[in-house]
Structures are given as C-alpha cells and as structure tokens.
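One structure is given here, and the rest of the page talks about it.
The values are calculated or read from the model by the stated rules, or taken from the named source; none is laboratory data. It should be emphasised that the depicted structure is a prediction, and the values quoted were computed from it without experimental measurement. All Cβ positions, glycine included, derive from the backbone under ideal geometry; neighbour counts span all protein chains shown.
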Amino acid sequence: MTDEQTQSLLLIVLGATAAWLCWTDAALNYVRPSLVPYVLAGAVILLLLGLLPPLGLLRRRPSGQGNGDDHGHAGSRIGWLLLVPVLVVVLVQPAALGSYAASSRSVVPGGSDGTYLPLAPPVRGAVPMTMAEFVVRALHDRSRSLEGVPVRLIGFVAPGDGAEAYRLTRFVIFCCAADGEALQVIVHGDGTRWRRDQWLEVEGQWLPQPVAAAEDPNPPPPVLAVDVVRPIGQPRQPYESSVDYGR
C-alpha cells in the first residue's frame, strides 16, 4: 500500500468513527449538543477527502505508475498511529465524566444580582429543574424562591464529606468535557447505599440556608431533603450546558 493510499484510508477511518459517534449519541459524552452537527460535518469532510479525487482512494492513477512500496514505509508506520485514538473510542468507549472527576472539578457558580425568573410549573407534584438552576437559586436567590417547593433533580452519586450520605452531582460543560465543572447537592434523608456513578432522579425540598456572601469563593453546596429517589440509566445528554444556568 502506498503512502497516499494509507493517508486516504486513515481519513476514511477517522471520518467513519466521528460519524459513528454522532449516530450513536456517544458524541454527547464529549461535547455539548450544539457542537454535534460540527462534528458530523467534520466526519463528512474527512470521508470525502479519503474517497474522492484528487487525493482519495477513488482517484484514477496514471497508467504505469508503480506501487511505491519501496519507499515511504516509515511515514506509513507513523500514520497508522492515528488509529490508536480510534481504537480507544471504539473498543473502550470512554464514559461521560463521573464521580472520580467530580472530586477535583467541583465548583459553585456565581449568582445574579437581579431577580430570578418564575419557577416552572410542577410536573407530577414536583418542579423539574436543572442542577445548575437549583444550585444558583439555593445559594444566591435572596427571594428564596425554592423555599417549600418540591423539586425534581437528576444526577449521579458521588461520595459525600464526613457524615454526608452522598452528593447528587452533574457536570456542566461550556464546550466539551475538558472544561466540565461539577455541580453538587448534599442529599439528606436517603439511607440507601448507592454505588458510585449511579444515576438517580430525586424529589425533595431545599433546606433553607443563608444566602452565600458575594465575597465567599467556596460556599458549601446546598442541601436537599429527599422524599423520593429513583435509580435511572444515564440520560442521553449526561451534561448540562452553560446556557442552563437558569437565572
């Protein structure tokens, strides 16, 4: 196989892998949903470059041209190293960020100086809410809009500190998993010993606490007294995105 053929084949493999990630929604483990079309567009471009003339496998070779097998072997061998990340993605399929990453990426988002939008209407007895909105309102909303309101949150189990049972956690990403930040809620009232990274849908009420001071860079996470806890599978979109900071 010539150097040119190797390069074309690698482009096809990389493009097919990117397209497969988009088709199976596995791309959502790595990038926010709004970027998936760009990943798919890149996959199509790679496939076209690998297949079509003047560089692709379908190009017409001049008659009498040799195979070129007597040179370029070193370049070809280096080129095949590009298959390593492809094999990792296809065979290992790295999961979305979980509890081990949360231990070093836990953050408390800043609040808004203005008023907060009205809460969404309850569904089946509780207000469905993103983790970001709950954390921001609980720590920074001076009108205490969450007080006495049953809410429904979705997240995964991360170990708590000290006597805490566990922390319901979810990552928010701004572009991709590399910039993910973990939002956490301390759970009270659930005696079940869940395994790490088990996804849960929980319903409960915020335990009121003083509004975090503006100069406090690291206030404690809000506390949720739970009434209902349901184990669920990983959501199709495991991350929340920066636009969900519901203020």
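So the values come out like this:
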| quantity | calculated |
| --- | --- |
| Residue in the stretch 44-57 that is touching a Phe, Trp or Tyr at 6+ places or on another chain (Cβ under 9 Å) and either modelled with pLDDT of 75 or more or under 30 Å from Q198 (Cα atoms) (or both) present | no |
| Looking only at the stretch 98-116, and only at residues there that are touching a Ser or Thr at 6+ places or on another chain (Cβ under 9 Å) and farther than 22 Å from P238 by Cβ, the one that is modelled with the highest pLDDT | Y116 |
| P208 vs. criteria in a loop (DSSP other than H, G, I, E, B), under 26 Å from the mean Cα position of the chain (by Cα) and not acidic (D, E) | no |
| Single unsatisfied condition, G148 versus (1) on the phi > 0 side of the Ramachandran plot; (2) not in a loop (DSSP other than H, G, I, E, B) | (2) |
| Which listed residue, of A182, A178, is outside any loop (DSSP other than H, G, I, E, B) and out of contact with any Phe, Trp or Tyr (no Cβ under 6 Å at 6 or more places or on another chain) | A178 |
| Whichever residue in the stretch 21-33 is in contact (Cβ under 8 Å) with a residue 60 or more places away in the chain and surrounded by 15 or more Cβ atoms within 10 Å (Cβ to Cβ) and, among such residues, is farthest from the chain's Cα centre (by Cα) | L21 |
| In the stretch 28-46, the residues that are in a helix (DSSP H, G or I) and within 19 Å of L82 (Cβ to Cβ) | V39, G42, A43, V44, I45, L46 |
